[in-house]
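One structure is given below, encoded as structure tokens.
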Amino acid sequence: LLANVSKRVVQPTGITFFCSGSFPAAAEKSSLNETNKMSSPKQQSLLREASHQIIAGGSAGLVEICLMHPLDVVKTRNNGSDCSVFPQWNGAQAWEAPVIEPRAPPSGRPGVISALFPGERAPDAHFSPCPISLPCRFQIQRGSNDPHGYKGLGDCFRTIFRNEGVYGFYKGILPPILAETPKRAVKFFTFEQYKKLLGFTSLAPGLALSVAGLGSGLTEALVVNPFEVVKVSLQANRDSFKVQPSTYAQARHIIQSDGLGLRGLNKGLTSTLGRHGVFNMIYFGFYFNVKDAIPASKDPTLEFLRKFAIGLASGTISSCVNIPFDVAKSRIQGPQPVPGEIKYRSCFQTMGLVYREEGYWALYKGLVPKIMRLGPGGAVMLLVYEYVSVWLQKNCYNEGTEHCEH
């Protein structure tokens, strides 16, 4: 009855007024409205902050991959094993397995697989060649006896340009372009979230930044590993750019041959986790700790150079520490030396095998092109992320609805 009748209320002051409805119901409605008014801006603020981090991180990844991908091609070509055993694309929507015969191993060295480029003949065998990326190409060759080996960084550049043209440096770029936007978005977004969560712990601020970087690297690795498998397999192909399989065809071939598991599209996951976790832990921890320790400059040019120098050092140090994981990843995800036989199985097993067969420095194959890419590339990513974040904060705001000034 109280909710549906009018009550005559007499205040102690003697003022009389009438109100309709129940006092408890009105109070509850008023409280709910106030809560909605308070929570809505907070939720919108969190969403806006997250969207800024994702957009800035994706922009950083896209700019970095477009500028630095040729060096990734060189690194891949020099980090893995003989790629002559890789199934070959015949240019007619089909795959052909190469005909392979081993030759006698050199004295004191393990056996290797002979492989020839088109136009060359041998009395005992015929081989189909296959191509790869710059840092990756250094990482997949197996010592001085590899018939596809490169004499050095300059030789790798010249050989790719001579045999495959300019487009050879951009082989396998579509998977990283498709991956880099969500990958870097995940990288920076998760770093910010882990950093925020670790702010509630008793960890020292400097250590919390490194732990947040480790968490973001592990999360990033889970997202990017399938793209890495496809990219490395495309980069390991030495055929002309025009006759290589498409990204979709390569991914479909991997799935049909080996499935989606740790032998297929998620091959080399443990080494990818190690590579990204170690890299991001040092990358973010070093950059933000050093940047806070060195006073900022009021001159925009000097401030840009200060951040770029710190980012360059951060990317370089991180690359030097995590490259053994990178070599292991390239060996596991790249073509195996003997067809039908899996030589490189897990991260630390591969590291140990490379060390025993090729020596300690084999774990650092592709270091120079890796530094050439991830040194400046790491600086580019951090700067793009910071400047895009600042631009978004200045130009995107909320007045009832999201709006961005152009």
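Worth a mention:
- Among the conditions (1) open to solvent by 30 Å² or more (accessible area, probe 1.4 Å); (2) under 26 Å from residue 315 (Cβ atoms), residue 255 misses just one, which is (2).
- Conditions (1) within 17 Å of residue 378 (Cβ to Cβ); (2) at pLDDT 85 or above; (3) not β-branched (Val, Ile, Thr); number of the one not met by residue 183: (2)
- Matching residues in region 226-255 - criterion: being at pLDDT 75 or above and assigned to a loop (DSSP other than H, G, I, E, B): 245, 246
- Considering region 204-226, the residues that are touching a residue at least 40 places away in the same chain (Cβ under 8 Å) and touching a Leu at 6+ places or on another chain (Cβ under 7 Å) include one that is farthest from residue 315 (Cα to Cα), namely 226.
- Residue 264 open to solvent by less than 20 Å² (accessible area, probe 1.4 Å), assigned to a helix (DSSP H, G or I) and either in contact (Cβ under 8 Å) with a residue 12 or more places away in the chain or not hydroxyl-bearing (Ser, Thr, Tyr) (or both): no
- Test: residue 371 is among the aliphatic types (A, V, I, L, M) and either touching a Ser or Thr at 6+ places or on another chain (Cβ under 6 Å) or under 19 Å from residue 215 (Cα atoms) (or both): yes
- Among the residues of region 238-254, none qualifies, meaning not one is of a type in the set (Gly, Ala, Ser) and touching a Gly at 6+ places or on another chain (Cβ under 7 Å).
- Residue 289 falls short of the stated requirement of being more than 30 Å from residue 256 (Cβ to Cβ), in contact with a helix residue (DSSP H, G or I) (Cβ under 9 Å, 6 or more places away or on another chain) and open to solvent by less than 30 Å² (accessible area, probe 1.4 Å).
- Here residue 195 passes the criteria (1) at pLDDT 90 or above; (2) under 22 Å from residue 316 (Cβ atoms); (3) not aliphatic (A, V, I, L, M) except the one numbered (2).
The values are calculated or read from the model by the stated rules, or taken from the named source; none is laboratory data. All values derive from a computational prediction rather than experimental measurement. Every residue, glycine as well, gets a Cβ built from its backbone with ideal geometry; the counts of neighbours run over all protein chains shown. Ligands, DNA and RNA are excluded from the accessible area calculation, which covers all protein heavy atoms including side chains. Shrake-Rupley method; radii C 1.70, N 1.55, O 1.52, S 1.80 Å.
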